[in-house]
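Q: Can you read through this structure? Questions will come right after.
The values are calculated or read from the model by the stated rules, or taken from the named source; none is laboratory data. Quantities reported herein were computed from a predicted structural model and do not represent experimental measurements. For neighbour counting, all protein chains shown are included, and Cβ atoms are generated from backbone atoms with ideal geometry for every residue, glycine included.
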């Protein structure tokens with residue numbers, strides 16, 4: 001498989017409080033991710049992964065609007081996946097109810113699974129050999145640009161939409177048989193709902209979708225969900 005992993009790091013964290021009132025937030029949540037590996041525009045493999053996410057939004061200088069946004073995801077199941085990303089943003093209050101947080105950053109993702117590989121039989125022309133249980137590894141380094149749009153519904157309830165565009169360089173290894181590199185790009189979108197049940201604590205749930213394809217229609221689509229808790233300080 002070629003060019004199949006582009007920033008599975010889910011954009012499920014969002015800054016939903018006026019940063020003049022807080023210095024930052026930390027979110028922790030279990031996550032579920034379904035990944036569809038595409039080849040030529042068709043689904044070649046579906047992976048179901050479950051794990052956890054830890055992310056933060058931290059104000060760099062008090063009342064300045066500048067923030068740093070680290071995040072880590074770890075998951076297992078049909079494969080083993082981990083990712084880390086770091087973003088830098090600037091908080092823009094548009095109205096009392098609408099806030100923007102443009103962000104730019106980078107990420108690295110790693111995914112490995114086991115696959116059966118079919119190769120031409122060198123001893124019998126026109127036939128094939130199946131080599132079972134070959135470790136398939138994907139590594140993806142990417143850059144992203146996007147924004148969070150936060151809407152204050154009430155003092156307790158906030159809804160945030162997130163849109164990003166990511167560019168990735170991907171390297172793939174299948175055992176000692178295949179090694180390839182390529183590039184892909186695509187949009188990440190997400191929605192997050194935060195409910196503040198006391199002064200510094202909130203329940204946070206969200207869903208995200210990623211679609212990353214090369215010009216040859218190789219790539220991935222990924223759908224992820226989280227439900228966790230956030231602490232604001």
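Q: Regarding segment 122-139, can at least one residue be identified that is at pLDDT 80 or above, under 30 Å from residue 92 (Cβ atoms) and either touching a strand residue (DSSP E or B) at 6+ places or on another chain (Cβ under 7 Å) or not in a loop (DSSP other than H, G, I, E, B) (or both)?
A: no
Q: Now for a different question. Which ones in segment 64-81 are surrounded by fewer than 17 Cβ atoms within 10 Å (Cβ to Cβ) and under 13 Å from residue 53 (Cα atoms)?
A: 70, 72, 74, 76
Quick grid of which residues meet (1) surrounded by 15 or more Cβ atoms within 10 Å (Cβ to Cβ); (2) modelled with pLDDT under 80; (3) not in a strand (DSSP E or B):
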site: 150; (1), (2), (3): yes, no, no
site: 159; (1), (2), (3): yes, no, no
site: 167; (1), (2), (3): yes, no, no
site: 171; (1), (2), (3): yes, yes, no
site: 176; (1), (2), (3): no, yes, yes
site: 189; (1), (2), (3): yes, no, no
site: 192; (1), (2), (3): yes, no, no
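Q: Restricting to segment 194-216, and then to whatever is at pLDDT below 80 and assigned to a strand (DSSP E or B), can you tell me which residue is farthest from residue 163 (Cα to Cα)?
A: Restricting to residues being at pLDDT below 80 and assigned to a strand (DSSP E or B), the top hit is 213.
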